[in-house]
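Worksheet: the structure to be examined is printed underneath.
Each reported figure results from applying straightforward, stated rules to the coordinates on display, with no laboratory input. Everything numeric in this text was worked out from a predicted model, so none of it was measured. Here the Cβ positions follow ideal geometry from the backbone for every residue, glycine too, while neighbour counts run over all protein chains shown.
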Amino acid sequence: MTGPTITGWGRTPVSTGRLTQPTSVEQVAEALAGASSRGVIARGLGRSYGDPAQNAGGTVLDMTAMQGITAFDPESGVVTALAGTSLGDLMRWLIPEGWFVPVTPGTRHVTVGGAIANDIHGKNHHSAGSWGRHVTAMTLVTPANGIVTVAPDSDPDLFWATIGGIGLTGIIVDATFRMHRISTSTILADTDKTPDAQSVMDLMTTGDADYEYSVAWIDLSSTGSKLGRSVLDRGRFAEVDELDGDARHDPLAYDARELLKVPITAPRGLLNPLTVRAFNEAWFRKAPKRHHRRNLTIPAYFHPLDMLGNWNRGYGPAGLLQWQIIVPFGAEETMHRVISELAATQVASVVNVLKRFGPANPGFLSFPREGWTLSVDLAADVTRAGPVLDRLDRWVIEAGGRHYLAKDSRMRPETFAAGYPRLDEFRAVRDRVDPEHVLRNDLARRLEMV
Amino acid sequence: MRDAFGAVQSVLVLGGTSEIARVTVAKMVRDGHTSRVILGVRRPDEMADAIAEIERVGATDVSAVAFDALDPEAHVAMIDGLFGEGRDIDVVILAFGVLGDQETFESDPVAAAQAASTNYAGAVSAGLAAARGLRAQGHGSLVVLSSVAGERARRSNFVYGSSKAGLDAFAQGLGDSLVGSGVDVLIVRPGFVHSKMTAGMDPAPMSTTPDVVADAIIDGLAHRRRIVWVPGPLRFVFSGMRHLPTPLWRRVSADA
Ligand SMILES: Cc1cc2nc3c(=O)[nH]c(=O)nc-3n(C[C@H](O)[C@H](O)[C@H](O)COP(=O)(O)OP(=O)(O)OC[C@H]3O[C@@H](n4cnc5c(N)ncnc54)[C@H](O)[C@@H]3O)c2cc1C
Ligand SMILES: NC(=O)c1ccc[n+]([C@@H]2O[C@H](COP(=O)([O-])OP(=O)(O)OC[C@H]3O[C@@H](n4cnc5c(N)ncnc54)[C@H](OP(=O)(O)O)[C@@H]3O)[C@@H](O)[C@H]2O)c1
């Protein structure tokens, strides 16, 4: 077939599908009914790095035209939004009313549907869990049962298969979820610089409970005495009386703008071990050793990358990928081995993040669980990274860990299956609502889920 | 599906006993985790050892199917059938071919036509059928083993050379027809390769090995290239050779 070339945020792998933009539930149902053997998948804002929101040879439903809020209770903060609504719009509309999204990833350009399908987590996972915990109901169109409303107590299996189910259990049309009450749009942030990974992990273990939000940036390009040095950023929303005089007049002000776009695809080799090291060095030096009670805006604290539009082009024509894993508490030794191996092999790039997760939710394929998560950026033309990551994959699996599907574009089917022991339960639910496997994406093909 | 580094999960080789293909597949399996390999060969029941060897380096699903370049009806049905099973094939390699002997061909035109049918017509039907399957699938690559012999016909092997020239032109056009389909065609133009095809022959200058050709194929796939020459500098040699005056070309090509 001929159609647009579709990729994830990493701009790799590439496939071609039929892209349509439904504007109603009826059109969604028609797309499922008229599917070819190559099937159908929903797509949000395409912010997953790999291939879950594309479907080679089949149909891709761009859900972003179905957007907006259909119900909102200003008392409880419970909102119903169409699945194509972006978290950025929710923020724009509801922050002035004193409500923040319950969970935000490192970009606000994701949809409610994408947030559910990857059960996204943010800097508050240790205090608030992932996105699925805040959802009270959703409307799905499924191949076998048509339009259904699911809630944790009505059809818990379908509900928890859909949370983190990468779009394979139905097309989400809308969702109802609880927003998070805030009195100001200012974050009170504390920054602590630490010399190595163990000290940042110690700080998080002892201190994360005092903060709503916590995440560490970790340098994966320095070795020796600088190995694993980190900058820990933690914070919470300020109360009105904690603001400066001027800011108190408009405590919920919110202004999110893109400062510039990366206009063209960067040349090959712009990010090489030398420039990566220089960037990491600058970042680490820039951070104060200890700087507490800084006032930051929501975009500056949560979405600094969004200030640079389509920054993914900065990685050159081959694109980029991410590798995000978790190891459970008790497997710290594995995390240290992973960190030193990444530093020794110099495959990682600039945006590398370490975080401590709280308890898991019942999502069958939900990624977060108690433990340590590490997220690493890589340029895809560094093909020597392939064997390095294969080796690290084995360590992660041996330690009882797993990989985040929203970031993956290269793991092996057996690695995926080993990390997600509830895959068979997921399959059973999927087979009930989609016996003919109409819902398909390239990720499911690659990981042998269909 | 291919992954972000271009590694291939499943491959179909037409001409599965080719030495170049054998080395390529072994590398794909060993280094790129290719798990599914289908070998299209004239005698599938004689493939037990070859299959065991590919499994030994790590593939989990290896099989042999009947493929004869000279039987287009049967091979088109076979290729359609494979794609119709609903399991994706990431890469199809056209590796079959016969070199033959120019002197024999000149005294046996029927044998010459058969070689041309194998190298050219067989690739036309197999290539079109594979392209149709890949196109419907929305992704994939077709690798075509062309040859520098097709760049400019030479006295000593122009039957073979002309069949490769036809194949090369076909592959270029097929690649153009697939623009926008998610599928691409990789044309491989090796010089003299030490394989069973050339066993006992005097190597031409800049001769190479199946191992080097295999690396070039894998690298070309990963970078989605359109044409690769093996070894690489042959590209420049032939851009010169193409423009040599005929008398001079006759001399140069007779010596090489
Ligand atoms: C800069 C950056 C930072 C990020 N930081 C984080 C982070 O901190 N934490 C985190 O968890 N993730 C993070 N991510 C990943 C991102 O949050 C997820 O990939 C998210 O799912 C993207 O949402 P999307 O709307 O773009 O969905 P897409 O990427 O378009 O789709 C993702 C999946 O959702 C499914 N889907 C989308 N809409 C629907 C629907 N209506 N019905 C059914 N299925 C649907 C698709 O089929 C697909 O499987 C980050 C990504 C980027 C680019
Ligand atoms: N070697 C070189 O110098 C060189 C240079 C440039 C290009 N090439 C090309 O590269 C490709 C692979 O060559 P190679 O070096 O690997 O040689 P090879 O080992 O001889 O492989 C060629 C294969 O083609 C198969 N074949 C011949 N006729 C067939 C038919 N009618 N149907 C199905 N299969 C048939 C043969 O299979 P059987 O086992 O059934 O005989 C043989 O295994 C060929 O296209 C060749 O022209 C080779």
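See the values below:
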{"item": "Point-charge dipole on Cβ atoms (K/R +1, D/E -1) for the protein assembly as shown, about Cα centre, debye to 20", "result": "1860"}
{"item": "Compactness of region B:187-236, expressed as Rg and Dmax over alpha-carbon positions, Å", "result": "11.2, 35"}
{"item": "For residue B:140, residues with placed amide H under 5 Å, excluding near neighbours", "result": "B:184"}
{"item": "Beta bridge orientation in chain A: antiparallel %, DSSP, nearest 5", "result": "85"}
{"item": "Cα centroid of region A:296-322 to Cα centroid of region A:97-136, whole Å", "result": "18"}
{"item": "Chain A shape via C-alpha gyration tensor axes, a/c threshold 1.5", "result": "oblate"}
{"item": "Rounded to whole Hz, the Karplus (6.51, -1.76, 1.60) HN-Hα couplings of region B:58-68, x for glycine and proline", "result": "x, 6, 9, 9, 10, 8, 10, 10, 6, 9, 10"}
{"item": "For region B:10-255, with +1 on Lys and Arg beta carbons and -1 on Asp and Glu, the positive-most of B:249, B:212, B:104 along the dipole", "result": "B:249"}
{"item": "Residue B:56-residue B:199 pseudo-label distance in nm [points 7 Å out on the Cα-to-Cβ vector]", "result": "1.9"}
{"item": "Cα-based Rg of region A:109-242 normalised by 2.2 N^0.38 Å, two decimals", "result": "1.36"}
{"item": "Residues residue A:26 and residue B:49, FRET efficiency given R0 of 56 Å [Cβ-Cβ distance, rounded to 0.05]", "result": "0.45"}
{"item": "Given charges at beta-carbon only (K, R positive; D, E negative), |dipole| of region A:313-450 in Debye", "result": "220"}
{"item": "Nonlocal amide H pairs with residue A:402, under 5 Å, H built at 1.01 Å", "result": "A:326"}
{"item": "Taking the convex hull of Cα positions in region A:66-182, its mean projected area over all directions (nm²)", "result": "6.8"}
{"item": "Lys/Arg +1, Asp/Glu -1 at C-beta; region B:10-255 dipole; positive extreme among B:173, B:26, B:124", "result": "B:173"}
{"item": "Per-residue mean of C-beta atoms belonging to partner chains within 10 Å, peptide A:10-23", "result": "3"}
{"item": "Estimated [θ] at 222 nm from DSSP helical runs (n ≥ 4, -39500 (n - 2.57)) normalised by residues in chain A, nearest 500", "result": "-7000 deg cm²/dmol"}
{"item": "Against the rule of thumb 2.2 N^0.38 Å, how large the Cα Rg of region A:191-243 comes out", "result": "1.32"}
{"item": "Cα-based convex hull, region B:6-151, per residue volume (Å³, whole number)", "result": "119"}
{"item": "Simple Cβ-charge dipole of region B:10-255, Lys/Arg +1 and Asp/Glu -1, about Cα centre, in debye nearest 20", "result": "880"}
{"item": "Per-residue Cβ neighbour rank within 10 angstrom, fewest leading, B:38, A:69", "result": "A:69, B:38"}
{"item": "Percentage of interatomic Cα-Cα distances in chain B larger than 35 Å", "result": "12"}
{"item": "Nitroxide proxy distance, nm - points 7 Å out along Cα→Cβ at residue B:73 and residue B:219", "result": "4.5"}
{"item": "Backbone HN-Hα couplings from phi across region B:217-229 [Karplus 6.51/-1.76/1.60, Hz, Gly and Pro as x]", "result": "5, 5, 5, x, 5, 4, 9, 6, 7, 9, 9, 10, 9"}
{"item": "Cα Rg over Rh - region A:320-450, Kirkwood", "result": "0.98"}
{"item": "Volume of the Cα convex hull of region A:373-450, divided per residue and given in Å³", "result": "99"}
{"item": "For the protein assembly as shown: lysine pairs under 22 Å (alpha-carbon distance), excluding those fewer than 8 apart on one chain", "result": "17"}
{"item": "Size-normalised alpha-carbon gyration radius of region B:7-54, reference 2.2 N^0.38 Å", "result": "1.05"}
{"item": "Euclidean distance of C-alpha centroids, region B:108-132 and region B:229-256, integer Å", "result": "26"}
{"item": "Diffusion coefficient, µm² s⁻¹, Stokes-Einstein with Kirkwood Rh over alpha-carbon pairs of region B:126-250 at 37 °C and 0.692 mPa s", "result": "212"}
{"item": "Exposure proxy order (Cβ contacts within 10 Å, fewest to most) of A:333, A:281, B:151", "result": "A:333, A:281, B:151"}
{"item": "Signed unit charges on C-beta, dipole axis of region A:226-385, positive-most listed residue A:371, A:350, A:302", "result": "A:350"}
{"item": "Karplus 3J(HN,Hα) series, Hz, for region A:234-246 with 6.51 cos²θ - 1.76 cosθ + 1.60 (x for Gly, Pro)", "result": "10, x, 8, 5, 6, 8, 4, 6, 8, 7, 5, x, 4"}
{"item": "Placed amide H near residue A:318: partners under 5 Å, 5+ positions off or other chain", "result": "none"}
{"item": "Low-density loop positions, GluC sites (Glu not before Pro), region B:1-93 - DSSP coil, at most 12 other Cβ in 10 Å", "result": "B:85"}
{"item": "Longest to shortest principal axis, alpha-carbon extents of region A:186-414, angstrom", "result": "55, 44, 40"}
